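Notes follow the structure.
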Amino acid sequence: MDFGRFRFFVREVFANLSRNAGMQFTAIGTVAVTIVLLGSLLFVRESVSRIGAQVLSQIEISAYLTDASTDDTAAQLRHLMSQDSRITRITYIPKSVGFAEMRTHMEGQIDTSLMTSNPLPNAFRIQVRRPQSVAGVAARLQRLPGIAKVTYAQDIVLKLLRVTEVIERVGIGMIVVLLLVAAIIISNTIRLTVFARRREIAIMQLVGATASYIRAPFIVEGFIDGLVGAAVAVGILAGAQAELLPKLFAAMPFVPMAHAGVDEHQIVLQLLCTGAALGTLASWVALGRYLRT
Amino acid sequence: MIQLRDVSLVYSNGVRALDAVNLDIAKGSFLFLVGHSGTGKSSILRLMYRELVPTSGQVIMDGIRVDRLRKGRVPHFRRSVGVVFQDFKLLAGKTVWENVAFALQVTGASTREIVRSVPRALDLVGLSHKSRMFPHELSGGEQQRVAIARALVRSPRFLFCDEPTGNLDPANTTEIMELLLRINLKGTTVIVATHNQAVVDRMKRRVVRMDNGRIVADEERGSYFVDDVPALTSQKAGY
Ligand SMILES: Nc1ncnc2c1ncn2[C@@H]1O[C@H](COP(=O)(O)OP(=O)(O)O)[C@@H](O)[C@H]1O
Ligand SMILES: [Mg+2]
């Protein structure tokens, strides 16, 4: 493509973009709103899953052994458990150690000299790789001979899992709907441009322009609508992050520093690509019905 | 060389616009298609520049089965024909030069080709001195000449004109007809659909008369009203 041809093509694209500025503005705005919501959702999801992972990774399963158990039983159990790939760490706490721990814990709160007999059984503390497998592992441990009782923070685990799941579901649903709305609006914008330029298109077809040549400026138009919309959204999100997040974290000091871990570059890239792909796809669909020679 | 073989065309609404039409047009000839409005003149032309395909029959141009052309090949085929309409179909926002160059630009011609071919086409229609003007600054005849320049800028072998003087006064009509003759003399096959009786009578060229989707007369040096049907029968007898 020599320079003259390139310049002609660029002028065609800008003719499209300026043809119905109002509609173009609407399309870009819709993409921006969609991408802002998408970005927020990605951020919230990422943060929640990070907080969740942090909390959940600290959750341990306690497995108490029967009173009759010996150190031999414990060794056998440890061997059995070590073959379960879901389990990452097994710590054995003989009743004497547990008792000593409890004493230090209670020091100053009650008169520990009164704690003469040891009520604690021998126990294992077990950590698992993924929070989702806590319940499964606990159930299996419960069935092992020599184990009397298995406990873990059921409530926290279940609630966190449920919250993450709900956010994920609602988020994905909303995003799908929003992406669809944005795609429809871009499609309509492209169709309006096609309609506004129907004379030119008819002449192009008459003099022998190929379908792909006629399509190209409209595809680029959709691409630009999507990309600009996404860029506006990224700007808004960046502003919000700089302005709002510090206040948010200040207001909630107990939230374990979620945003430090979020990979912003990657999210920005994902959002820009989503916008551009959305625009390109929408204009492709819009042209499908029109420009078939 | 254009050959129509038993060509019928039925539009999607059921109108039978052409009914078993047979027609041979020699290379480099000049031909008028005449007949009342709605008799199928435009339809024949649309088949020839592959705007439509016949419902049955064959359209053969320079040995190519145009009716069988794959969709992807149509744009390249269109570059070998020029088409001119009653309403000029110029782009109002572009100058004379740009309107003519448009046909080359959108078909991937290089800047060098454009700079070489556009002046030649404008010169042919006698509008070199108005290349910077916009269509609304020109007379109807001049606008049609711009359209002709655009149709000819790729030096096509065929030029199809559908009522090219339909919107023009007699003086402009004569001007355009003389231009079409000159183009024909340079070797381009020219086919003009018209119902302008005066023009047809004066030019003494081959006239094909249509009625109700059929060719009812075909005369070598004809006039608008032809009554010697034998020309047609002898032609038809060949197939
Ligand atoms: N796009 C179309 N759809 C349906 N019918 C059409 C269409 N174009 C033309 N016709 C019909 O086909 C017949 C021939 O039309 P046309 O070829 O345009 O005639 P002419 O050019 O001689 O006036 C007419 O009856 C017309 O109404
Ligand atoms: Mg007509």
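The values are calculated or read from the model by the stated rules, or taken from the named source; none is laboratory data. Computed from a prediction, not measured in an experiment: that's the story for all the values here. Counting neighbours? That spans all protein chains shown, and the Cβs are built from the backbone with ideal geometry, glycine included. Just so you know, the surface numbers come from the protein's heavy atoms only, side chains and all, with ligands and any DNA or RNA stripped out. Shrake-Rupley method; radii C 1.70, N 1.55, O 1.52, S 1.80 Å.
Structure values in brief
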| read-out | value |
| --- | --- |
| Share of pairwise Cα separations in the protein assembly as shown, more than 41 Å, in percent | 51 |
| Cα gyration tensor, segment A:26-135 - rounded (a/c under 1.5), prolate or oblate | oblate |
| Mean separation of Cα contacts under 8 Å, 6 or more apart, over the residue count of segment B:1-160: relative contact order % | 23 |
| Solvent accessible area, Å² - B:His129, 1.4 Å probe, full protein context | 140 |
| Cα centre as origin, Lys/Arg/Asp/Glu Cβ charges: the protein assembly as shown dipole, Debye | 1280 |
| Calculated log₁₀ intensity ratio I(q)/I(0) where the Debye formula runs over C-alpha points of chain A, q = 0.08, 0.13, 0.17 Å⁻¹ | -0.59, -0.95, -1.24 |
| Principal axis dimensions, segment A:1-79 - Cα atoms, whole angstrom, descending | 90, 32, 12 |
| Accessible surface buried upon B-A contact (total; probe 1.4 Å; Å², nearest 100) | 1800 |
| Equivalent-ellipsoid semi-axes of segment A:148-220, from the Cα gyration tensor, Å, largest first | 56, 12, 5 |
| 1.4 Å probe, heavy atoms, protein only - residues of segment B:103-127 losing at least 30 Å² accessible area vs chain alone | B:Gln105, B:Val106, B:Gly108, B:Thr111 |
| Calculated P(r) of chain B - Cα pairs past 31 Å, % | 22 |
| Fraction of accessible area attributable to carbon and sulfur, the protein assembly as shown (%, probe 1.4 Å) | 59 |
| Cβ-based net charge around B:Val53, under 12 Å, with every Lys or Arg adding one and every Asp or Glu removing one | +4 |
| Chain lengthening between A:Gln127 and A:Arg143 when straightened (0.36 nm per residue, less Cα-Cα) | 4.0 nm |
| Prolate/oblate/rounded call for segment B:24-88, Cα gyration tensor, a/c under 1.5 rounded | rounded |
| Cα gyration tensor shape of segment B:84-216, rounded if a/c is under 1.5, else prolate or oblate by comparing a/b with b/c | prolate |
| Antiparallel bridges, percent of DSSP beta bridges restricted to the protein assembly as shown (to nearest 5) | 65 |
| Nearest-10 value in Å² for the accessible area of B:Ile2, using the 1.4 Å probe | 0 |
| Karplus 3J(HN,Hα) series, Hz, for segment B:109-124 with 6.51 cos²θ - 1.76 cosθ + 1.60 (x for Gly, Pro) | 6, 7, 4, 4, 4, 5, 5, 7, 7, 4, x, 5, 5, 5, 5, 4 |
| By accessible area with a 1.4 Å probe, ligands and nucleic acids excluded, highest first: order of A:Arg125, B:Arg112 | B:Arg112, A:Arg125 |
| For the protein assembly as shown, accessible area per residue (1.4 Å probe, heavy atoms of protein chains only), Å² | 50 |
| Inter-part distance where segment A:135-172 and segment B:63-99 are each reduced to a Cα centre, Å | 70 |
